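Computed from the coordinates by the stated procedures, all read-outs in this text should not be read as laboratory data. Everything numeric in this text was worked out from a predicted model, so none of it was measured. Backbone-built Cβ (ideal geometry, glycine too); neighbour counts: all protein chains shown.
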Amino acid sequence: MPSDRRVIDILREDLNLTGTKEGCGAGECGACTILVDGESRLSCLMLAAQLEGRSVTTIEGIASEDRLHPLQEAFVEHGAVQCGFCIPGMVLSAVDLLQRNPNPTRMEIRQGLSGNLCRCTGYQKIVDAVKAAARKIGS
Amino acid sequence: MLVKSDIFRIGHPVPRADALSKVTGQEKYAADYYSPNFVWAAVKRAGVPHARLKSIAVEAARKLPGVLSVLTHKDLPGSNRQGIIFKDQPVLVDAKIRHCGDAIVLVLAEDKPTLNKALLLINFDYEPLPAIFDPEKALEERAPLVHENNPDGNLLQHISVKVGDVKEAFLECTTIIEGSFEVPFQEHAYLETEAGWAYLAEDGRLVIVASTQTPFRDRFEIASALGLNIDKIRVIAPYLGGAFGGKDGLTVQSLLGLAALNSQGRPVKMWWDREESFLAGVKRLPARMYYRLGAKADGTLHALDCRLYFDTGPYAHLSSEIMALAMEHAGGPYRIPHTSIKGWCAYTNNPPGGPFRGFGVPQVTAAMEQMIDMLAAKLKMDPLEIRRQNAVRQGDRNCVGVTLVNSTGALDCLETLAAHPLWQERKKWKESAGSFKRRGVGLACMAHGSGYGPIIPDEANAKIELTDEGKMRIFCGVSDMGQGNASTCLQIAGDILGQDADSMELILPDTDRSLPSGSASASRCTYTYGNALIRAAQAFKQRLFERASTLLMIPTSDDLSLIPGRIRHLPSGKEISLSQLAQLMDPPERTCTHYYRAPVAQEKLELHSSSKVFGLPHILFSYAAHLTYLEVDELTGEIEIKTYLSVSDCGRVINPQIYEQQIQGGIAQGLGYALSEDFIVEEGKGLTPDLSTYIIPTTLDVPEMVSIPVEIDEPTGPFGLKGIGEISINGPLPAVANALADACGIRVSRSPFTPERVLSAMKEKAPHEVKP
Amino acid sequence: MRKVLLPHTPEELWEALSAEPQAAVYAGGTDLLVKLRQGLVDPSYLVCLERIEELKGVQEFGHEVLIGACSTHAYLLANPIIRSNFPVLTRALELLGSPPIRNMGTIGGNICTASPAADSLPPLYVLEAEVEIRSKNTSRRMALKEFIQGPGKTSLQPGEIVSGIWVKKAPGYNLYHFEKVGQRKALAISIASLAGLLRVSEKGVIEEARFAWGSVGPTIITSPEVEKAVVGNRLSRPILEKAACLARSAVEPIDDIRASGEYRRLVSGNLMVRLLTLQREVCH
């Protein structure tokens, strides 16, 4: 494994985990967001060497055996998914957000997701979904 | 597992069928194809806007280890020309470079680093030619010619339409307003850039999986460009990661086809990176619009004269059609008895123009809706009142003279907006601006015609199959680029056939399996395909009932009911499962198809043009009225949109959730067009080549939006609906412009309204006035 | 193919740097990896600092605080010492980039990239920060404003890294301000920015002021003239307008794809006028 291989390429090409998407390759769109040791990071700006000793979670890894993650359920229920290409990154950023701030306001949700571009939704239903998921997780 | 499997019902906010696979990362887009032995393909692009190609040096690249093939125009078997109406674009340049993104050489390599190295090793010799970058100058006598063989010089199309006698009419007006407006390129910036996968199947057929809005039509373009028989080409369109018109037509397809013919049997992958997408993909046509609008003293619109100049860049693509649609909407949703609307679409060496959600209507709506507000101000009339007074009703004619025979909800939208608290409470809101902020509200009213117009058939073929397992398999014919039409198909078919998500299956467009159903564009996806699907489902239901009644030994099929997985005779309780039924039917009977062609306008217009006009007039229009609350900062010129209200007439709402998705998404793109998306081009070169310099809205840039449907039944539409995909993108730019004028009395004639342009206009208006 | 080295200790770092003196050093990678992709740099070796614990964290030493250079912006935003002592820095970091970029990007990286548009720099300038520079055998401190020499240029010598940033607590300052003007509200490179620290007396008179402007010169701009103009006065419109004029003379903005120099100059002054809104925070 070349130490300078981009993490996004390892995920998509070597591990067949194509859920993580590439939208710009330059850290500007957030489509490649993954969780590294639980924190959101841009996999297009990480190199293989940096994975040593780290645990990585991709979109394929947040549902459990028999249930979706509450965020995934909420995204489906609230119509937050249109073309879906931004969604894996968006969901993982939302996971990071809710870990830091379990009960965010709508504005805090917008701030938490401000690094994930979406061209289809206008963001409103995404905010609705994260708010609903936060309520569900909290209860 | 997750969503309770309700029976699909029209009118219900049924969660989308594709949401689950997308939210788990399981859904495979065209960009997601890999295999153990695949090959990467990419092209070397011109980098200069206008030149004669003299020679190409590929030897160094060919010799690089890991490079399979380096191909030029010499290696192209067919015409090497692609295009939708005019085939004027080379797959690989042979003689002339016409824009910086023209493709010159195609490289196939084992991995991306080798591919990139090979591209750097390719050189080509060229003779620079004088270039032309302004659409009005392009039409002058001595302008350099983009297509030397074009008898009309740099003119792609000139259309002139009139109603009545506008010269006389202006003499009858008490008030006349003039305005000129300029709108820039807009880049689609879909999250999934142009991507595809191609291979030669065992039977020698070319299979292409592409992020495309036009799988059926693509085959024709590929066939003629590469010299193949159309039967030898199969195109598959998975869910697209966004398109908005930018994937209407060929992007990667012909290049992939050529690559697959030269990849020694290995599958080929092409995926444009963001910079290449910006460089080579089509953009919204920039336009310059000169308007003259006249009214009577009481605010009745009487005369409209406008001249529109569109820049199509190097190729025709669908630009003549874009201009035609723009012209049809140039007068807005208003009664104007005398009009003269003239449009010129010119070739230049700028980036290529092409379809983008709205298709010419955002451009003219930007102009006309500002003209209406300017007129209202001059007449000291309320901007909502003047619109109500002049809004078209069913039976009126639009500005090109077409009678509006179908549902026409412009007035209903305005009246609903007028009654809304956001309109009612606007003054109070405006008065409570904070330090260094000014507040304003702005309106826009708009129409959007759907379909292709009178010449190109707007048709679809629906296909349903009852599988062995007794499931209803719907063969979607129109690409789903995120707008949810595939899910809507399930909802429509599910409603008629009484099935739920578990008893239905969806096949995405595949030219081998689905039937030709036209492009995913023109706000026609659900209207046209939906109408075909309803007819197919109803016919299928009858056929299934007839078979079932025979098998259940019941004399008539009157009391039969389709429920998930079975047919039940209600009086006796006798049932047959759909899987049993399937086994007892002949295979051909288990498939039902139906054709639908959308109606077209019958009227002849007073129209002259330099070449054949497609795409004008239309017969079915959606309508909307928008209101925005805007706050501008006096110190920096930054605009913040606080709230956005849209009221839309798109007929009946089949799925309220999908309805809102479309409206909200269009508003967000329209706000980007209004405020931050400046695709800057200088001497044909893009100066905003990526997402760090081309600014699309983030979560913090789009406000909370309220979207209200005005549900007027459209009898010709599936369950009464009309197109919804594009209407909402037409409103934000003029609504924002009007709100800015309301807030501080300025108009910026060239959009987007960046902080710099706004501050400059504010300073010009009141050099020393900055209130605390 | 490039080799990426991941030292876990300072010793491993010095070893790596002496073995490969031409290696490109990075922490979060949000600048370097973008430049790599654009082909602007082409190093054969990369050294990533993200695992070296000694380079992270926030420590108090009396009236001084040492910020580890490899502390991420997100870490600093959550750190109580930073939040309570340096709200002007906190405010800027909140507006920097985006959440995942803040999880990856470090304050040392922001400094060493030395872009005049770097959001952490105006606050660090008004806080009169010093950088601590270490090499295998040496350690020195230097004023940040001397360390940064021009756009993309610092005084770093081969074999050296910025290991930390020293900031003095400034309890006397009772008003802070940071504003950034961008093309949108997140993921925005600053077009113009202003950081300010003020000490205002009980009677509302400005006793001390420090200002720093970003994105309007080859490096961060500071101006003793502007500071002198406000000291001894109240926060009032005429005083701020006068300061704004002086600010416009102090800055040296250029035209670029994001904005013109003329706009930047105008706004550099206007941002001073915004300080009027701090009036309500003044106790008397």
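Kindly state, as a whole number, the per residue volume in cubic angstrom of the convex hull around the alpha carbon atoms of the stretch B:290-447.
Here the figure is 144 Å³ per residue.
Can you give me the three principal axis dimensions of the stretch C:3-168 from its C-alpha atoms, in Å, biggest first?
So the extents along the principal axes, rounded to whole Å, are 42, 34, 28.
What FRET efficiency would be calculated for the residue pair B:Lys380, B:Asp512, taking the C-beta separation as r and a Förster radius of 45 Å, to the nearest 0.05?
For R0 = 45 Å, the calculated efficiency reads 0.10.
Based on alpha-carbon positions alone, could you give the equivalent ellipsoid semi-axes of the stretch C:25-113 from the gyration tensor, as √(5λ), descending, whole Å?
Equivalent ellipsoid of the stretch C:25-113: 26, 15, 9 Å, largest first.
Straight-line reach from B:Lys296: which lysines have a Cα under 22 Å away, not including same-chain ones fewer than 8 places off?
Reachable lysines: B:Lys162, B:Lys167, B:Lys378, B:Lys380.
When a footprinting reagent is the concern and you count Cβ atoms within 10 Å, what order do B:Asp502, A:Asp66, B:Asp248 take, fewest first?
Ordered from fewest to most neighbouring Cβ atoms within 10 Å, B:Asp502, A:Asp66, B:Asp248 come out as A:Asp66, B:Asp502, B:Asp248.
Take peptide C:185-193, look around each residue's Cβ out to 10 angstrom, count Cβ atoms belonging to other protein chains, and average those counts.
Mean shielding count: 6.
If eta is 1.002 mPa s and T is 20 °C, what Stokes-Einstein diffusion coefficient results for the stretch C:170-250, Kirkwood Rh from Cα pairs, in µm²/s?
My calculation gives 159 µm²/s for D.
Any idea what the relative contact order of the stretch B:488-589 is, in percent, if you count C-alpha pairs under 8 Å spaced at least 6 apart?
Averaging sequence separation for qualifying contacts and normalising by length gives 25 percent for the stretch B:488-589.
Rounded to two decimals, what ratio of Rg to Rh does chain A give with C-alpha atoms and a Kirkwood Rh?
Result: Rg/Rh = 0.96.
If I fit a long axis through the Cα atoms of helix C:10-19 and take the longest principal axis of the Cα atoms of chain C, what angle between them do I get, 0 to 90°, rounded to 10?
Relative to chain C, helix C:10-19 is tipped by roughly 70 degrees.
Could you work out the mean count of beta carbons from other protein chains within 10 Å of each residue's beta carbon in B:686-696?
Mean inter-chain Cβ contacts per residue within 10 Å come to 5.
Binning every alpha carbon pair distance of the stretch A:70-138 at 5 Å from zero, what are the percents per bin?
Each 5 Å bin holds this share of Cα pairs: 4, 21, 35, 28, 11, 2.
For the stretch A:7-61, I need the span (max minus min coordinate) of the C-alpha atoms along each principal axis, in Å, sorted largest to smallest.
Answer, in whole Å and largest first: 27, 20, 19 Å.
With axes computed from alpha carbons, what is the tilt in degrees of helix C:237-250 against the longest principal axis of chain C, rounded to the nearest 10 within 0 to 90?
40
Given q = 0.17, 0.24, 0.26, 0.29 Å⁻¹, what are the Debye log10 I(q)/I(0) values for the stretch A:47-86, with equal point scatterers placed on the Cα positions and solvent ignored?
Scattering profile of the stretch A:47-86, log10 relative to I(0): -0.63, -0.86, -0.92, -1.02.
Taking every pair of distinct Cα atoms and averaging 1/r, then inverting, what Kirkwood hydrodynamic radius in Å comes out for chain B?
27.4
With a point put 7 Å past each Cα toward its Cβ, work out how far B:Ser435 is from B:Glu127 in nm, to one decimal.
In this crude label model, B:Ser435 to B:Glu127 measures out at 6.7 nm.
Mind listing the phi-derived Karplus ³J(HN,Hα) values for the stretch B:28-37, rounded to whole Hz, using 6.51, -1.76 and 1.60 with θ = phi - 60°, and x for any glycine or proline?
9, 8, 4, 6, 9, 8, 9, 7, x, 10
Apply the Karplus parameterisation 6.51 cos²θ - 1.76 cosθ + 1.60, with θ equal to phi minus 60°, to every residue of the stretch C:174-191 and state each ³J(HN,Hα) to the nearest whole Hz, in sequence, with x for glycine and proline.
10, 10, 10, 8, 9, 9, 10, 9, x, 7, 7, 8, 8, 6, 10, 6, 5, 8
Quick one: which of C:83-94, B:631-642 comes out on top by average Cβ neighbours within 10 Å, and what's the full order, highest first?
B:631-642, C:83-94
Take the Cα of B:Glu606, step 7 Å along the line toward its Cβ, and report every residue of the stretch B:290-320 whose backbone nitrogen sits under 15 Å from that point.
Counting backbone N atoms under 15 Å from the label point, the list is B:302-306.
Among C:Arg265, B:Arg747, B:Arg98, which comes first, second and so on when ranked by fewest other beta-carbon atoms within 10 Å?
B:Arg747, C:Arg265, B:Arg98
Based on the alpha-carbon gyration tensor of the stretch B:368-449 and its eigenvalue square roots a ≥ b ≥ c, which shape applies: rounded if a/c is under 1.5, prolate if not and a/b is larger than b/c, or oblate?
Because a/c hits 1.5 or more and a/b exceeds b/c, the stretch B:368-449 counts as prolate.
Looking only at Cα atoms, what is the convex hull volume of the stretch B:632-772 per residue, in Å³?
Taking the convex hull of the Cα positions in the stretch B:632-772, it is 147 Å³ per residue.
Roughly how many nanometres apart are two label points built 7 Å out from the Cα toward the Cβ at B:Thr556 and A:Glu52?
Once both label points are built, they end up 8.2 nm from each other.
Residues with amide H under 5 Å of B:Glu505's amide H, sequence separation 5 or more or different chain, H placed in the peptide plane at 1.01 Å from N; which?
B:Met472, B:Arg473, B:Ile474
Output ³J(HN,Hα) for the stretch B:618-631: one whole-Hz value per residue in order, computed from phi by the Karplus curve 6.51 cos²θ - 1.76 cosθ + 1.60 with θ = phi - 60°, and x for Gly and Pro.
10, 10, 10, 10, 9, 9, 7, 10, 10, 9, 10, 9, 10, 10
Mind checking which lysines have their Cα closer than 18 Å to the Cα of B:Lys117? Skip sequence neighbours fewer than 8 apart in that chain.
Reachable lysines: B:Lys44, B:Lys63, B:Lys269, C:Lys35.
Between the alpha-carbon centers of the stretch C:55-78 and the stretch B:617-634, tell me the distance in whole angstrom.
49
Could you work out the relative contact order of chain C, using alpha carbon pairs under 8 angstrom and six or more residues apart, expressed as a whole percent?
Once normalised by length, the contact order is 14 percent.
I need the calculated FRET efficiency for the pair B:Ile230 and C:Asn174, taking r as the beta carbon distance and R₀ as 51 Å, to the nearest 0.05.
That pair, B:Ile230 with C:Asn174, gives E of 0.10.
State the percent of C-alpha pairs, over all pairs in the protein assembly as shown, separated by a distance greater than 39 angstrom.
Cα-Cα pairs of the protein assembly as shown separated by over 39 Å account for 52 percent.
Counting only residues 5 or more places away or on other chains, whose amide H sits under 5 Å from the amide H of B:Ile563 once H atoms are built in the peptide plane?
B:Arg568
According to the square roots a ≥ b ≥ c of the eigenvalues of the Cα gyration tensor, what is the shape class of the stretch B:2-149, taking rounded for a/c under 1.5, prolate for a/b larger than b/c otherwise, and oblate for the remainder?
The shape class here is oblate.
Give the long-range amide H neighbours of B:Ile56: residues separated by 5 or more places, or on another chain, with amide H under 5 Å away, using H modelled in the peptide plane at 1.01 Å from N.
It is B:Asp125, by chain and number.
Say each of B:Gln264 and C:Glu12 gets a label point 7 Å from the Cα, pointing the same way as Cα to Cβ; how far apart are those two points in nm?
About 4.1 nm, to one decimal.
Apply the a/c threshold of 1.5 to the C-alpha gyration tensor of chain C and tell me whether it is rounded, prolate or oblate.
Note, shape of chain C comes out prolate.
Starting from the coordinates of the alpha-carbon atoms of the stretch C:27-76, obtain the Kirkwood hydrodynamic radius over all distinct pairs and give the value in Å to one decimal.
Hydrodynamic radius (Kirkwood, Cα only) of the stretch C:27-76 equals 12.7 Å.
Using a Förster distance of 60 Å, how high is the FRET efficiency between B:Glu202 and B:Arg142, based on the Cβ-Cβ distance and rounded to 0.05?
So, using R0 = 60 Å, E works out to roughly 0.60.
Sequence gap at least 6, Cα distance under 8 Å: using those rules, report the relative contact order of the stretch C:3-168 to the nearest whole percent.
Across the stretch C:3-168, relative contact order equals 23 percent.
Where the eigenvalues come from the Cα gyration tensor of the stretch C:221-284, what are the semi-axes √(5λ) of the equivalent ellipsoid, largest first, in whole Å?
24, 13, 8
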